[in-house]
Each structure stands twice: as structure tokens, then as C-alpha cells.
Amino acid sequence: MALRKPHGKPGSTLASHGDAILKDAHKALKDPARRLLGKRILSLGGLALLSGCDLNTDKSVNTMLRRISFFNDEVQALLFDPNRMAPTYPESMITRPFPFNAFYDIDDVPDVDAATYRLQVGGLANGKRVWTLDELHALPQQDQITRHICIEGWSAIGRWGGVRFADFLKRAGADTTARFVALHCADNYWTSIDMPTALHAQTLLTLTYDGQVLPQKYGFPMKLRMPTKLGYKNPKHIVAITVTNEYPGGYWENQGYNWFGGS
Ligand SMILES: Nc1nc2c(c(=O)[nH]1)N[C@H]1C(S)=C(S)[C@@H](COP(=O)(O)O)O[C@H]1N2
Ligand SMILES: [Mo]
């Protein structure tokens, strides 16, 4: 199967027997489908029947898993409560040093020039389309201490500051009835989020880390911090934002990670 280990090299394990397939399926699935399997309410075979998959070929299993993942997106979107806040923490609980992670080594972190940096806003928006760093810093700012959860199996508490993304989107004249916001990064990473999450009160256009200008390794000059979403949905070094109704996918999402990626 072409399933990947979190952030690892492409998975090379070829699951030829039921057990191995089931193990991989468990790893690839997120709640609630995993819970259904875990509680043995549904067998993998049952899921296969439901989704018209014959379990005989890797391609067919992958297709099934992808369908379940899209099913998960719908369920997570339905369960998402825009008024429910992610937990916040006292300063004493901040993780020091905060971990670095990316799809490359720390030596390859992009070096974005503050002076020439421009944030581009594209797609369904009729306001200001090009923003300098000074203009972003001039907007009303706020701070939050929240937990970042990486799918690789670690989490860390950090303090981020910046502009409420909902405020920014309104100032940029974004059509907030659109379905998606895509976020494109200086390292060619990208991800995309649902509009309710984009408008969530804790979703922060982040310019600072722990009271300092956002360090290079943590996403200088700007990242989007969403404590309601897993680490891979929190893009660093953002250079462009697109408001759209067309599904934009994402770097890890296109390789099988669940798109909604709620935490
Ligand atoms: N541009 C960009 N953003 C990214 C990534 C990346 O590789 N490139 N990795 C994601 C993942 S998987 C994680 S866990 C976090 C890590 O953020 P940190 O370095 O601030 O801990 O960044 C996320 N955002
Ligand atoms: Mo991650």
C-alpha cells in the first residue's frame, strides 16, 4: 500500500495479508472511522463492503481509505463547533525549547526577506490584495498560549501573537461564504482550511512567537496558528492566501493525510 509514515519517507511496507492491511488502515484512519473499527462495530471487510472495495488490490484499499478520509472530513466539519475554544495554558507550561518540524531539515528553512515580503490575497476577495509586513503589524494584535499537536506523536505548548484571521479576512474583503482558504508558503508547502475554521476566534495570522518576532524556524515572517487543527494544518512562511470554492488540497493532504485535520 502506498500509505506513508507521518512525515517519513514514502511507506515501503507492502501489506499483503489482512492483518497488515488492518494495521495500516488503523494508522491511516482518523476518528470516527477508526473508532468504529476499534470497537469492532465494523470490520475492515464491513467498511470495504460499504464502500464497494474488494480488498484484493492495494489500489482498491487506498481508494477505500481515501473515501473514508473524505467521509471523515464531512463528519469533522459537522462536529466542528465554531464557538468552542481550544484549551489555553499558563505561561509556566510553555514547552522550552519549542520543537521545530518541517518536511526538510532545519538548515533548509526558507530565508524570507522582511523588506521585500508581500502577503498576496487572491481569489474571492475584493479588498486590499497586497500586504507588507508593517501593514500586518499595524493591525490589532493578540496573544494565545495553546498546544500544538503533531501527528508524528508529539505535542508542545507555545505562545503565539498576531491578528485574528477573521479580522484580517474581513479587512481583505474576503467572501466569507466561500468554502476554502488556501495557504501557500515560501517553501512550496501549502494547506487549506474550511471557512468556519478560518473564522474561528483562535485562528491567528501569527507574527510573533513568545513575544518576539516569529523566528525563522517557526515560520518567519508569518504563519497561521490554529489550535483547533493538527500541526500539518498550521502553515509557516505564508506568502499567499486564496479564498476559493475549489478544493485546494495540501502538501500532506494530497499524500493521504486527513484534510480536515482537527485536533
Ligand atoms: N511551510 C511549512 N509549514 C509547515 C510545515 C512545513 O514543512 N512547511 N510542517 C508542518 C508540520 S507537520 C508541523 S508539526 C509544524 C511544525 O511547526 P514548528 O516548527 O513551529 O514546531 O509546521 C507545519 N507547517
Ligand atoms: Mo506535524
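Overview of values
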item: GLY127 being among the small types (Gly, Ala, Ser), surrounded by fewer than 17 Cβ atoms within 10 Å (Cβ to Cβ) and either away from ligand 1 (no atom under 13 Å from the Cβ) or closer than 20 Å to PRO248 by Cβ (or both); result: yes
item: Complete set of residues in region 102-123 that are within 21 Å of the chain's Cα centre (by Cα) and crowded, with 16+ Cβ neighbours inside 10 Å; result: ALA102, VAL109, PRO110, LEU119, VAL121, GLY123
item: Only listed residue being farther than 14 Å from TYR209 by Cβ, acidic (Asp, Glu) and within 16 Å of ligand 2 (Cβ to nearest atom), chosen from GLU152, GLU135; result: GLU152
item: Near pairs, Cβ below 7 angstrom, 6+ apart or cross-chain, from region 140-164 (without any contact (Cβ under 8 Å) to a residue 12 or more places away in the chain) to any residue that is more than 9 Å from ligand 1 (Cβ to nearest atom); result: SER155/ARG147
item: Any hit, region 98-110, residues being part of a loop (DSSP other than H, G, I, E, B), touching a residue at least 12 places away in the same chain (Cβ under 8 Å) and either of a type in the set (S, T, N, Q) or more than 16 Å from ligand 2 (Cβ to nearest atom) (or both); result: yes
item: Answer residue from region 202-233, given it is more than 16 Å from ligand 2 (Cβ to nearest atom) and over 23 Å from ARG171 (Cα atoms) and is surrounded by the most Cβ atoms within 10 Å (Cβ to Cβ) among those; result: TYR209
item: Test: residue in region 124-131 that is within 20 Å of the chain's Cα centre (by Cα) and assigned by TED's automatic domain parsing to the domain that holds THR206; result: no
item: Residue match in region 216-223 (condition: of a type outside the set (S, T, N, Q), at positive phi and within 11 Å of ligand 1 (Cβ to nearest atom)); result: yes
item: Total residues in region 145-159, condition under 15 Å from SER263 (Cβ atoms) and more than 9 Å from ligand 1 (Cβ to nearest atom); result: 5
item: Residues being within 15 Å of ligand 2 (Cβ to nearest atom) and out of contact with any helix residue (DSSP H, G or I) (no Cβ under 6 Å at 6 or more places or on another chain) - total across region 238-256; result: 5
item: Yes/no for THR244 being within 11 Å of ligand 1 (Cβ to nearest atom) and not hydrophobic (A, V, I, L, M, F, W, C); result: no
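The values are calculated or read from the model by the stated rules, or taken from the named source; none is laboratory data. Nothing here was measured: the structure is a model prediction, and the numbers come from that model. Quick reminder, even Gly has a Cβ in these numbers, built from the backbone with ideal geometry, and neighbours come from all protein chains shown.
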